[in-house]
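Here is the structure we will look at, set down as structure tokens.
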Amino acid sequence: MTAPAIRDSRPEDVTAIAAIYAHWVENGRASFELSPPSEEEMAARREAILAGGYPHLVATDEAGAVLGYAYASAYRPRPAYRHTVENSVYVAPGATRGSTGRALLEALIARCEAADFRLMVAVIGDSANAPSIRLHEALGFRHAGVIPSIGWKHEMWLDTVLMTRPLGPGDTTPPTRP
Ligand SMILES: CC(C)(COP(=O)(O)OP(=O)(O)OC[C@H]1O[C@@H](n2cnc3c(N)ncnc32)[C@H](O)[C@@H]1OP(=O)(O)O)[C@@H](O)C(=O)NCCC(=O)NCCS
């Protein structure tokens, strides 16, 4: 299989992005949303990510079809957190295990390092999400703790698994971003 191509997302990708996310909202535990957002809402979220200066990427196949997407966002709004990003990565259900998640997350890390963010946090739902936990481990994330039973979805309690990865020089030098 050819490696997926990674590029910045475009407005016309939102239909595919919304469909991918809708699948995982309805069928997975990675997202703590209970019902899929509309396409309009997904477009507005993308615009907000870009307006915040964060990367928003898609992976495509040879024909240009969107296989998955990933973006960075503020971890928390208080300003001392501003050198830290949270990541999100979602791959179309029919395209998993084809190195798309790896390619997206590698590219996202590179983009965040180039922008001199210093820490990436993965907030993973849930402890049973082996694909996500293994993907993050494979890309250098370390376990930073588990918050047990913090969510309730699909008639069960869900954990949050926190994993972190330094970006660039990490905490060995002071930040250079404003
Ligand atoms: C997690 C997710 C993004 C992985 O994407 P993917 O394209 O299937 O993953 P890749 O093919 O790039 O795999 C990269 C690595 O992740 C790990 N991995 C991926 N799927 C796995 C699985 N089902 N079981 C165990 N490890 C897995 C492996 O270490 C793999 O490396 P390998 O192929 O050398 O073994 C995808 O399963 C997904 O979208 N899941 C639903 C949403 C989600 O959980 N997103 C993460 C939010 S925190």
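Considering segment 74-95, and only residues there that are assigned to a strand (DSSP E or B) and more than 17 Å from Val25 (Cβ to Cβ), the residue that is nearest to the ligand (Cβ to nearest atom) turns out to be Asn87. Cβ-Cβ distances below 9 Å connect the following pairs, each with a first residue in segment 32-48 that is buried (at least 16 other Cβ atoms within 10 Å of the Cβ), a second residue that is assigned to a loop (DSSP other than H, G, I, E, B) and modelled with pLDDT of 95 or more, and a separation of six or more residues or different chains: Met42/Pro36; Arg45/Pro37; Arg46/Ser9. Exactly one residue among Gly151, Gly98 is at negative phi, out of contact with any His (no Cβ under 9 Å at 6 or more places or on another chain), not hydroxyl-bearing (Ser, Thr, Tyr) and not in a strand (DSSP E or B), and that residue is Gly98.
No other residue among Thr100, Thr96 is modelled with pLDDT of 95 or more, surrounded by fewer than 19 Cβ atoms within 10 Å (Cβ to Cβ) and of a type outside the set (A, V, I, L, M, F, W, C) apart from Thr96.
In segment 49-68, the residues that are under 13 Å from Glu12 (Cβ atoms) form Cβ pairs under 8 Å with partners that are of a type in the set (Phe, Trp, Tyr) and not in a helix (DSSP H, G or I), at six or more places apart or across chains, as follows: Val58/Tyr69. Of all residues in segment 27-49, one or more are in contact with a strand residue (DSSP E or B) (Cβ under 7 Å, 6 or more places away or on another chain), more than 23 Å from Trp157 (Cβ to Cβ) and either more than 15 Å from the ligand (Cβ to nearest atom) or in a helix (DSSP H, G or I) (or both). No other residue among Ser132, Ser127 is in contact with a strand residue (DSSP E or B) (Cβ under 6 Å, 6 or more places away or on another chain) and more than 11 Å from the ligand (Cβ to nearest atom) apart from Ser127.
The values are calculated or read from the model by the stated rules, or taken from the named source; none is laboratory data. Owing to the predicted nature of the structure, the values given are computational and were not obtained by experimental measurement. Neighbour counts are summed over all protein chains in view; Cβ atoms, including those assigned to glycine, are modelled from backbone coordinates with ideal geometry.
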